[in-house]
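The values are calculated or read from the model by the stated rules, or taken from the named source; none is laboratory data. Nothing here was measured: the structure is a model prediction, and the numbers come from that model. We place every Cβ from the backbone using ideal geometry, glycine too, and count neighbours over all the protein chains shown. Please note that ligands, DNA and RNA were not included when accessible areas were found on the heavy atoms of the full protein model with its side chains. Shrake-Rupley method; radii C 1.70, N 1.55, O 1.52, S 1.80 Å.
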Amino acid sequence: TPAEVGVLLDERADPVDVTATVIDLAVRGYLRIREEESRTLLIFKNTDYILEFPDGTPDARTLKDHERTIYQGLRARAVRSNTNAPIVRLSTLRKQFYKTVEDAQKKLYRVLVVDKYFAGNPQKIRDLYQGLGRIFWFGGIFGAVVVPHFGGNALNALALGVGVALTGGLLWLFGSAM
């Protein structure tokens, strides 16, 4: 799916991957996307997108897990329009759809791990590196400050502590890119 390709390219399940899923669902006939413009204050245009669920859509059980999560999440927020077709305005999703998106992102990572594109969830691996970086950073500072107070060689403790803290700082800083 387009979302899977997007995650494979940058190892991140971004909102753009969710958008790609919505567009792919429209291409495959699960929904239609309409653009609606309205004027505000006579000179400004406001653009909204309407997702419409037509009758006779394909069976959602054939969708992959992350696609089904997005589809069902949209469908659950649909209201009846003048034509009696269920619709969702994109503008109404801003503050309520994020949990569905997070769930779909987790499922997207999971399917790529199961299909052996990744050895593990890339987000969890990034979090692990950043966590280790924080531990080393704080541990290095702690070692440089505390060890000399317990009779250790101050210069050696400082050198080791600074080295460990710098290594930890780099892991912490660049862990999000791992």
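Points worth noting:
- Scope the range 111-150; condition in a loop (DSSP other than H, G, I, E, B) and open to solvent by 70 Å² or more (accessible area, probe 1.4 Å); matching residues: ASP115, LYS116, TYR117, ALA119
- Hits in the range 60-89 (condition: open to solvent by 60 Å² or more (accessible area, probe 1.4 Å), of a type in the set (A, V, I, L, M, F, W, C) and modelled with pLDDT under 80): VAL79
- Residues of the range 168-178 that turn out to be surrounded by 16 or more Cβ atoms within 10 Å (Cβ to Cβ) and either on the phi > 0 side of the Ramachandran plot or not small (Gly, Ala, Ser) (or both), as a count: 2
- Beta carbons closer than 7 Å, at least 6 apart along the sequence or on distinct chains, pair a first residue in the range 113-134 that is over 14 Å from ALA13 (Cα atoms) and of a type in the set (Lys, Arg) with a second that is at pLDDT 80 or above and part of a helix (DSSP H, G or I) for ARG134/GLY168.
- Any hit, the range 23-40, residues being at pLDDT 85 or above, in contact with an Asp or Glu (Cβ under 6 Å, 6 or more places away or on another chain) and not hydroxyl-bearing (Ser, Thr, Tyr): yes
- Just so you know, in the range 64-110 the residues that are out of contact with any Asp or Glu (no Cβ under 7 Å at 6 or more places or on another chain), in a helix (DSSP H, G or I) and among the polar types (S, T, N, Q) include one that is nearest to ALA13 (Cα to Cα), and it is GLN105.
- Residues in the range 9-50 that are in contact (Cβ under 8 Å) with a residue 40 or more places away in the chain, part of a helix (DSSP H, G or I) and surrounded by 12 or more Cβ atoms within 10 Å (Cβ to Cβ): ASP17, VAL18, THR21, VAL22, ASP24, LEU25.
- For the range 94-101, the count of residues that are of a type in the set (A, V, I, L, M, F, W, C), loosely packed, with under 14 Cβ neighbours inside 10 Å, on the phi < 0 side of the Ramachandran plot and without any contact (Cβ under 8 Å) to a residue 60 or more places away in the chain is zero.
- Scanning the range 151-167 for residues that are under 39 Å from the mean Cα position of the chain (by Cα) and open to solvent by 40 Å² or more (accessible area, probe 1.4 Å) yields a count of 5.
- Considering the conditions (1) open to solvent by 80 Å² or more (accessible area, probe 1.4 Å); (2) modelled with pLDDT under 80; (3) within 16 Å of ILE33 (Cβ to Cβ), THR57 is excluded by exactly one of them, (1).
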